[in-house]
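This report refers to the structure that appears directly beneath it.
The values are calculated or read from the model by the stated rules, or taken from the named source; none is laboratory data. For clarity, every value in this text was computed on a predicted model and none was experimentally measured. Quick reminder, even Gly has a Cβ in these numbers, built from the backbone with ideal geometry, and neighbours come from all protein chains shown.
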Ligand SMILES: Cc1ncc(COP(=O)(O)O)c(C=O)c1O
């Protein structure tokens with residue numbers, strides 16, 4: 001990192017690169033393959049309508065011109081989606097297409113916060129939530145999410161002076177990594193709390209389609225007063241299996257979208273037009289696809305929890321997302337210590353809860369991206385490792 005700025009030097013190395021190195025070392029040493037549950041990249045292909053729409057648009061010459069501002073067709077499709085699926089009415093200036101929610105989460109603090117501003121973040125949380133405020137020179141305060149409270153943030157725990165100082169808050173349910181979902185009372189409290197202290201809210205709704213109970217996940221914007229203080233990010237990566245295509249959207253408060261759009265229109269242009277066509281096809285032509293994806297993750301979660309349970313690893317049922325949040329056995333200092341021992345003794349790779357925050361100390365996260373056979377093999381290896389008492 002000879003020429004790196006302080007800003008870049010201060011970025012904590014991605015846990016994924018550490019895991020990748022450990023995985024390579026295991027395979028070299030044992031000659032055995034690692035069963036990798038660490039990264040949540042879906043292995044369910046997108047539906048044919050999406051692939052076809054992208055393929056058609058790739059052959060159009062006009063797709064290769066710069067797109068300087070959001071296209072009306074994309075805005076219309078998103079508006080219809082939010083109205084029909086979530087009961088939320090949006091105007092054009094309340095919609096901004098993104099190259100993934102990751103990109104937005106990276107830049108939002110830069111667009112909305114000044115150095116020294118305070119951002120409230122859940123703990124555990126998706127790692128970019130914490131990196132992005134630091135890149136913008138902002139500070140953050142962690143709001144714990146604990147099992148005894150169904151992993152819901154308790155706003156009453158936040159000290160008054162912190163609430164008064166906070167400029168921005170990021171919240172996300174259905175939740176990665178815990179798999180928790182939030183109820184109406186939680187969202188009502190969130191809107192009330194944020195309104196009382198004038199805190200801007202970003203609700204990351206990447207998993208709204210992956211709620212296993214079958215009761216559809218809601219939009220934060222459907223709650224009264226939410227649009228006055230917040231935006232929602234929604235992604236095509238999970239429900240429509242388009243993670244590699246990079247398409248998401250920011251919707252909601254126009255005074256939050258405006259500075260963000262100004263920043264992004266300065267840094268870059270809109271994404272490749274065929275990706276927008278694919279997203280429109282996902283919204284208008286994918287039929288039951290998102291439900292099939294949801295049901296498949298629900299089935300995988302149940303299967304993994306059953307199989308690992310037989311190997312002595314008892315894990316709570318999971319309500320949503322594509323992850324399982326699993327407790328580590330006693331006797332380890334924290335989840336990163338356990339993770340390396342699990343890898344060494346079984347060749348099973350998981351993600352340390354500590355990479356999501358302090359509250360993840362006694363948990364690891366498993367992504368539901370392996371075949372049934374691999375899950376069964378992993379369970380056999382875990383049983384043989386002797387790390388859990390069956
Ligand atoms: C909670 C959460 N937010 C955002 C993202 C990033 O999604 P996208 O592919 O839209 O950038 C992920 C990806 O795993 C995620 O889990």
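Of the residues making up the stretch 209-236, just one is within 16 Å of the ligand (Cβ to nearest atom) and out of contact with any helix residue (DSSP H, G or I) (no Cβ under 8 Å at 6 or more places or on another chain), namely 217. A Cβ distance below 6 Å, combined with a sequence gap of six or more or placement on separate chains, defines the contacts here; from the stretch 112-136, residues that are more than 21 Å from residue 324 (Cα to Cα) and not assigned by TED's automatic domain parsing to the domain that holds residue 261 reach no residue that is away from the ligand (no atom under 15 Å from the Cβ) and not in a loop (DSSP other than H, G, I, E, B). Counting the residues of the stretch 268-278 that are away from the ligand (no atom under 16 Å from the Cβ) and part of a helix (DSSP H, G or I) gives 3.
Exactly one residue out of 323, 289 is within 16 Å of the ligand (Cβ to nearest atom), buried (at least 19 other Cβ atoms within 10 Å of the Cβ) and either in the same structural domain as residue 176 (by TED's automatic domain parsing) or under 25 Å from residue 44 (Cβ atoms) (or both), and it is 323. Can you pull out every residue in the stretch 237-260 that is within 10 Å of the ligand (Cβ to nearest atom) and assigned to a helix (DSSP H, G or I)? 243, 244, 245 - these are the residues of the stretch 237-260 that are within 10 Å of the ligand (Cβ to nearest atom) and assigned to a helix (DSSP H, G or I). If the condition is being in a strand (DSSP E or B) and within 13 Å of the chain's Cα centre (by Cα), then the stretch 206-236 contributes 232, 233, 234, 235. In this structure, is residue 231 in contact with a strand residue (DSSP E or B) (Cβ under 7 Å, 6 or more places away or on another chain), closer than 18 Å to residue 176 by Cα and at pLDDT 95 or above? For residue 231, the condition - in contact with a strand residue (DSSP E or B) (Cβ under 7 Å, 6 or more places away or on another chain), closer than 18 Å to residue 176 by Cα and at pLDDT 95 or above - is not met. Scanning the stretch 147-156 for any residue that is surrounded by 22 or more Cβ atoms within 10 Å (Cβ to Cβ), at pLDDT 95 or above, more than 29 Å from residue 67 (Cβ to Cβ) and within 15 Å of the ligand (Cβ to nearest atom) turns up at least one such residue.
When 273, 281 are checked against the criterion of being under 21 Å from residue 208 (Cβ atoms) and either assigned by TED's automatic domain parsing to the domain that holds residue 90 or surrounded by fewer than 20 Cβ atoms within 10 Å (Cβ to Cβ) (or both), a single residue qualifies: 281.
On inspection, residue 67 does not qualify as surrounded by fewer than 20 Cβ atoms within 10 Å (Cβ to Cβ), out of contact with any helix residue (DSSP H, G or I) (no Cβ under 8 Å at 6 or more places or on another chain) and at pLDDT below 95. Residues considered: 357, 331, 312. Of these, the only one that is modelled with pLDDT under 95 and on the phi > 0 side of the Ramachandran plot is 331.
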